[in-house]
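In what follows, a single structure is set out as structure tokens and then discussed.
The values are calculated or read from the model by the stated rules, or taken from the named source; none is laboratory data. Not measured: the values here are computed from a predicted model. Every residue, glycine as well, gets a Cβ built from its backbone with ideal geometry; the counts of neighbours run over all protein chains shown. The area values use the complete protein model at the heavy-atom level, side chains included, leaving out ligands, DNA and RNA. Shrake-Rupley method; radii C 1.70, N 1.55, O 1.52, S 1.80 Å.
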There are 6 protein chains.
Amino acid sequence: FVNGKFCKDPKLAKAEDFYLSGLNIPGNTSNQVGSMVTQANVQQIPGLNTLGISLVRIDYAPYGGLNPPHTHPRATEILVVVEGTLYVGFVTSNMDNRLFTKVLHPGDVFVFPEGLIHFQFNIGHTNAVAFAALSSQNPGVITIANAVFGSDPAINPDVLAKAFQLDKNIVNQLQSRFWWDNN
Amino acid sequence: FVNGKFCKDPKLAKAEDFYLSGLNIPGNTSNQVGSMVTQANVQQIPGLNTLGISLVRIDYAPYGGLNPPHTHPRATEILVVVEGTLYVGFVTSNMDNRLFTKVLHPGDVFVFPEGLIHFQFNIGHTNAVAFAALSSQNPGVITIANAVFGSDPAINPDVLAKAFQLDKNIVNQLQSRFWWDNN
Amino acid sequence: FVNGKFCKDPKLAKAEDFYLSGLNIPGNTSNQVGSMVTQANVQQIPGLNTLGISLVRIDYAPYGGLNPPHTHPRATEILVVVEGTLYVGFVTSNMDNRLFTKVLHPGDVFVFPEGLIHFQFNIGHTNAVAFAALSSQNPGVITIANAVFGSDPAINPDVLAKAFQLDKNIVNQLQSRFWWDNN
Amino acid sequence: FVNGKFCKDPKLAKAEDFYLSGLNIPGNTSNQVGSMVTQANVQQIPGLNTLGISLVRIDYAPYGGLNPPHTHPRATEILVVVEGTLYVGFVTSNMDNRLFTKVLHPGDVFVFPEGLIHFQFNIGHTNAVAFAALSSQNPGVITIANAVFGSDPAINPDVLAKAFQLDKNIVNQLQSRFWWDNN
Amino acid sequence: FVNGKFCKDPKLAKAEDFYLSGLNIPGNTSNQVGSMVTQANVQQIPGLNTLGISLVRIDYAPYGGLNPPHTHPRATEILVVVEGTLYVGFVTSNMDNRLFTKVLHPGDVFVFPEGLIHFQFNIGHTNAVAFAALSSQNPGVITIANAVFGSDPAINPDVLAKAFQLDKNIVNQLQSRFWWDNN
Amino acid sequence: FVNGKFCKDPKLAKAEDFYLSGLNIPGNTSNQVGSMVTQANVQQIPGLNTLGISLVRIDYAPYGGLNPPHTHPRATEILVVVEGTLYVGFVTSNMDNRLFTKVLHPGDVFVFPEGLIHFQFNIGHTNAVAFAALSSQNPGVITIANAVFGSDPAINPDVLAKAFQLDKNIVNQLQSRFWWDNN
């Protein structure tokens, strides 16, 4: 066991430990945010353990499919668009909180540096598809809205009302909603 | 120059390069969130470059001074309370988004793992003061609400309305507000 | 400058530093080995510097397009097939030198661990296309045959005759050939 | 188990794993060197494992309480004085062995780079207190005099007599003494 | 267990865990390549685990003893000649594949950077002996010819014929040979 | 420049950047401690920069040549004896400060873990010679006695008298001595 994952005796490893199928199958985007992330990390491919890389396929519904603002606490991401048109961006750290954005078409590549809040938004009339690689075999994902308003148990609403400059009523409403997790 | 910082010829380094004064002076908490972070990282102490650690002092106003939900993209934090009573917490990654909280008193220590969203909230009747160490000489800070609703330029409001399940009107209002940055 | 690359003042960075277009364009596979690798690393995307990841698109001609046995001295590779049928494999270190292979179809993912000799071979009747991510912004490539028989200047042929159990005549012939580099 | 410490299934972790109390309690400085170090590392806080940081509180008796010359084999240290007046210093590597010193007052911060010999000495008339953070969850401490003259078993006295330019009699005396360990 | 190796409770460790004897004994060079590598890594010295270094002794037969072209997937090598005359070299990555060589005499030191193909060849009339250190406790070795032509099972000969510009007959002959492994 | 060293454009690098001669020449051991360390690190071999390894030759005079107690702040050491008989040892961290020792003969290997105090002592009637590798291109050396009693300027003698349980007179004498540095 290393990093909580089983490490095979190299003599017992086999090709299947380094293999995964299914990234040709579109993810189901019929959900709140209109997107779905299909993972290929150490959970699915045990041979990735300690190797520092993983992959995802992301599907976006037409007219607004959104991979909502999120961070990867342990990874940089590099994304290539295979199909569709995506408006993508990331926000830099304090004090500036500068937004860097691009509209991406098939074959375009964009980088989201480690730990920064980023998103992709399908602004086209068709499905969009991208592959993205992450610089960790276990990168983690924190969907910002879900972690803030959908945590279990709920964060003290006074904290969120003050931090987000929202009425406590609105915070309470948000905290009672269902927060769908696309990955 | 290493990491964008000047690296002195070791023969020219002097004690002042490893020194900073002023962490005894309370930060001014008369602001939107009622807190202030005073930094002691590689910006203030050039000798920290490449050494992988830094320090902050955090002051919290009585009755609700808040260090609002934020992440450090490149650091774990360990905090010790010197004065006052703090309700602190962090939220784990997807899918669970579990909230871990504690009420801390002087001498209590709490750890906020790398990249996770966390906060401290003064629930006492007096000022609160803490020291916190970070596992990077340049840890970075992303105040979640500021980065999301106060970025420059603003994120497309359709993205935020969908991600945060908020009326676009409210998103527009939030984006027009002033987002004070406590560090 | 970090790692021999220019590091911009973060205040001067812009979205273009994190962007590249053109990975939708098939590489020209009319060459000796019938394959072409199109790179998206720190050479093309300056914003990748220090971030530990990069991407390539690989095109393979039908009926035998080959990405010949090679290593990445500083990276693990994870590959996803977009089109076509590939026979892929890697060989483990001494003493065993075990060969791990798979036939991959669209949507199949395979991992080539850091530093091991690996290859992909188009065994289908159509073009094949794959994207592969590498766990370094500057992974390097060593095409084995080219480095061994096509180095500049040539390796002493006695070394190669003994190591590869080949007639010195054959070594001399090989060393006088042109070794086309697909990346 | 990672690094010899138990790694919990994240689903079983709880807030207590990231928490420690008691750093408000002064350490007992009634000892040979007049100082005491209270630890907050992975031994006391299991949630710190793999996170690369830890904390200590250091108490110094008035008129000469000493945290004697020592090294941390795996960590840089950053210290902030909370109370009292400390003369602190570190010595650089060969050939120069330059001594860098400062007199610190409350709120002053000083950095001791990884692996270098350093000390703190209370030159005031009152107790002194400092917090120090270390860039490892398990930094280790080597008190120089204790490791050299108080090892178990003793180092061959000829080695120490020659290295420290001391009479063998004095070495023998030193090796028969009790070496109190303040941490 | 860390990295697949047993990690002792430090209280149970003893001097023998950090010790190995026998590097004064010449390796038997009566073999196909006329060389032998004697290892001192974590397999032989359990105390090396996690410490990032190891050692080898290499013996070369007179008149052509060869440590054939190989890579270390996880280590840089630094070699010092103790006896004899060696022609040594390494080849840089694509595109250039530059060969760097030197003739080394006793007391000469040469560096083989991580992951690059390198070799040593005894061009003298006497035995040659070298010590080499590697920047990993478990550096791994890939003897190029053995991994390419002697893998188990064999690589598809069409792959090797195309990659190495060799007749398929010759590839088949090579694949049926015995490939002796000198380490 | 990386790590304060010039990094050549790889196209301008040449074999000499990876080469050093002279480790066959015995170091002059006619000095206070009867030993001499000859270095082969990034200062002498510019091509070692960023590669994480270096080498030394150590010569010891007969009847008591001593490489006195020292630490490497950034490296583990692995040593092989080429000639003579050495009594070697290292001391573990607090609280135990256990001494691990061995008597080494030609061909014996011993490991000194990162940051720990260690020494080698020639207990034979002949010269002794060893090669040692270090897990850093710039490992640093801190000779304990020299750094403690021979620093420039001197450490406050009250600190050393208390830490080492020595008369202040003796401390003053020691501080006025010449401390010869064998590397």
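Taking DSSP loops as anything outside H, G, I, E and B, show the longest stretch in chain D free of trypsin sites (Lys or Arg not before Pro) there with at most 15 other beta carbons within 10 Å.
No qualifying site falls inside D:15-176, the longest such stretch.
The listed residues F:60, E:87, once ranked by accessible area (1.4 Å probe) with the largest placed first, stand as E:87, F:60. For residue A:34, the residues 5 or more places off, or on other chains, whose built amide H falls under 5 Å of its own are A:66.
Near residue C:83, the amide H atoms lying under 5 Å from its own belong to C:129; only residues 5 or more places off or on other chains count, and H is placed 1.01 Å from N. Averaged over peptide D:102-108, the number of partner chain Cβ atoms lying within 10 Å of each residue's Cβ comes to 4. In this Cβ point-charge picture (+1 for Lys and Arg, -1 for Asp and Glu), the stretch F:79-183 has a dipole of about 180 debye about its Cα centre. Take residue C:44, push a point 7 Å out from Cα through the beta-carbon direction, and compare it with the same point in every other copy: 2.4, 4.4, 4.4, 4.6, 5.2 nm, smallest first. Summarising the amide proton neighbourhood of residue D:53: residues at separation of 5 or more, or on other chains, whose placed amide H is nearer than 5 Å comprise D:136, D:137. Rounded to the nearest 10 square angstrom, residue B:125 shows an accessible area of 130 square angstrom against a 1.4 Å probe.
The HN-Hα couplings worked out from phi for the stretch F:14-27 by the Karplus form 6.51 cos²θ - 1.76 cosθ + 1.60 (θ = phi - 60°) are 9, 3, 4, 5, 10, 10, 8, 10, x, 7, 8, 8, x, x Hz, whole numbers, x standing for Gly and Pro. Rounded to the nearest Hz, the phi-derived 3J(HN,Hα) couplings of the stretch B:36-41 under the Karplus curve 6.51 cos²θ - 1.76 cosθ + 1.60 (θ = phi - 60°) are 8, 10, 9, 9, 9, 10, where x marks glycine and proline.
3J(HN,Hα) along the stretch E:123-135: 9, x, 8, 10, 4, 10, 9, 9, 10, 9, 10, 10, 7 Hz, from the Karplus curve 6.51 cos²θ - 1.76 cosθ + 1.60 with θ = phi - 60°, whole Hz, x for Gly and Pro. Each principal axis of the Cα cloud of chain F was evaluated for its coordinate range; sorted largest first, these ranges are 60, 39, 34 Å.
Given the -39500 (n - 2.57) contribution per DSSP H run of 4+ residues, what per-residue ellipticity at 222 nm results for chain B, rounded to the nearest 500 deg cm²/dmol?
Details: 3 runs with 23 residues, N = 183.
Dividing the helical sum by the residues of chain B leaves -3500 deg cm²/dmol.
Ranked by the mean number of other Cβ atoms within 10 Å of their residues, highest first, the peptides B:45-54, A:27-36 come out as B:45-54, A:27-36.
Quantify how strongly other chains surround peptide D:12-19 by giving the mean number of their Cβ atoms within 10 Å of each of its Cβ atoms.
Values: counts 0, 4, 2, 10, 2, 2, 10, 8.
If you average over the peptide's residues, the count of other-chain Cβ atoms is 5.
Each copy carries a label point for residue A:31 at 7 Å from Cα toward Cβ; from one copy, the others' points are 3.7, 4.1, 5.5, 5.5, 6.7 nm away, ordered from shortest.
May I ask you to list the residues of the stretch B:84-120 whose amide nitrogen lies under 19 Å from a point 7 Å from Cα along the Cα→beta-carbon direction of residue A:183? Inside the label zone: B:91-98, B:114-117. Taking a ≥ b ≥ c as the square roots of the eigenvalues of the alpha-carbon gyration tensor, the protein assembly as shown is classed oblate because a/c is 1.5 or more while a/b is no larger than b/c. For the stretch B:59-149, the mean projected area of the C-alpha convex hull, equal to one quarter of the hull surface, is 5.8 nm².
GNM on chain B, alpha-carbon springs under 10 angstrom: the most fluctuating residue among B:127, B:172, B:41 is B:172.
Across the identical copies, the label point of residue C:15 (7 Å from Cα in the Cβ direction) is separated from its matches by 4.2, 4.4, 5.2, 5.2, 6.7 nm, in order from shortest. Legend: Rg and Dmax of the stretch A:142-182, from Cα coordinates, 9.6, 28 Å.
Give me the net charge for the shell around residue F:66: Cβ to Cβ below 11 angstrom, other residues only, Lys and Arg +1, Asp and Glu -1.
Result for the local shell: 0.
Centroid-to-centroid, using Cα positions, the stretch A:80-140 and the stretch D:74-113 are 44 Å apart. Peptide E:31-43 is shielded by partner chain Cβ atoms: per residue, an average of 1 of them sit within 10 Å of its Cβ.
Using a Förster distance of 35 angstrom, determine the FRET efficiency expected from the C-beta separation of residue B:167 and residue A:44, and round it to 0.05.
Details: r = 38 Å, r/R0 = 1.09.
Between residue B:167 and residue A:44 the formula returns 0.35.
With a 1.4 Å probe and all protein chains left in place, how much of the accessible area of the stretch C:142-182 comes from carbon and sulfur atoms, in whole percent?
Numbers: 710 of 1580 Å².
In the stretch C:142-182, the share of accessible area belonging to carbon and sulfur is 45 percent.
Considering the dipole of the stretch A:91-168 built from charges on the beta carbon (Lys and Arg +1, Asp and Glu -1) around the Cα centre, which of A:99, A:154, A:141 is farthest to its positive end? Result: A:99. Here the chain A residue lying nearest the rotation axis onto C, judged by its C-beta and given with the distance in whole angstrom, is A:133, 2. Select from F:129, F:37, F:159 the residue whose mean-square fluctuation is largest in a Gaussian network model of chain F (Cα-Cα springs shorter than 10 Å). Of F:129, F:37, F:159, the Gaussian network model singles out F:159 as fluctuating most.
What is the interface area between chains C and E, defined as buried accessible area summed over both chains with a 1.4 Å probe, reported in Å² to the nearest 100? Walk me through the numbers on the way to the answer.
On the way: alone 10550 and 10520 Å², together 16530 Å².
Looking at C and E, the buried total is near 4500 Å².
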